[in-house]
Structure formats: structure tokens, C-alpha cells
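Contents: one structure, followed by commentary.
Just so it is clear, none of the values below were taken in a lab; they were calculated from the coordinates. None of these values were measured; they are calculated from a predicted model. Reconstructed Cβ throughout: ideal geometry from the backbone, glycine too, with neighbour counts over all protein chains shown.
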Amino acid sequence: MSKRLYGLRGATGAENTRESIQGNVVEMCLELFRGNNLAPADIVSIQFTQTGDLTAMNPAAAVRRGQTEFDVSGCALFCSQEPNIDNSPEKMIRVLVTCYMEENSSPKHVYINGGERLRPDFAKK
């Protein structure tokens, strides 16, 4: 089978502490990686955004330091601030994982810990 490039999306809420950001980012990413049967070599890049009220830790550093199960040291990691839009949820971290998966795969996106309100269609039922 051949592979093609996919974009996996997700979001999680967090409190503005290192522990909360790290724990919730790791949980979200591991669910994405496991749920889509990814290997580290499949990932091209991981891009995070976070709302301006989350200042305790960078999500890219959180995923790099917060777990040992999935080696992201070879992945390009990037983080930026989410645009400040009226009525947008607060304390939110979003992710876009660019990766190779088997052609005709059905990507599984992950919206947890308050992120469900962003995409209820992708949230676990």
C-alpha cells in the first residue's frame, strides 16, 4: 500500500500551569498518535497554537519533555499564539499534525478536555 500526506487536528483545554499544559498536551498527542497508528517516522511536523491566557509552558516543549512513549525528537515542532477572536474559548491548545498514513485512511482527530466545543463532530461520543 502507498502512503499519502494527512493533517490530523485536535484541541485540548488546560489550566495555566506547567503541569496542566504538559499533561493535557501529552494526552491529546498520544491519543492522536495511537488512534492513527503513527510511528515517529510518519510525522513531518507538529504545529500548536495556544490562547493568550496560557503562558506557563510552550506546548511544543510540553510534548517533547512530557512523555517517553513516542519519540518526537526528530519531528519539526512549532508553536504560535491563537488569534484573539471575540467569544472564542479560553485556555485552549490546538494542534495540527502533518503526517504520512496509508492511502484511504480515515483520520481520527482528537478533541478533549474542553476542546470538544470547538469540533463536537470530532469529539468522542
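So in the chain, what percent of DSSP beta bridges are antiparallel if you round to the nearest 5? Antiparallel: roughly 65 percent of the beta bridges in the chain.
Charged side chains reduced to their Cβ positions (Lys and Arg at +1, Asp and Glu at -1) give region 51-95 a dipole of some 160 debye around its Cα centre.
About its Cα centre, region 4-125 has a charge dipole of approximately 100 debye under the convention of +1 per Lys or Arg Cβ and -1 per Asp or Glu Cβ, with nothing else charged. The value of relative contact order for the chain, using C-alpha pairs under 8 Å at least six residues apart, is 43 percent. Counting every C-alpha pair in the chain, the share spaced more than 22 angstrom apart comes to 30%.
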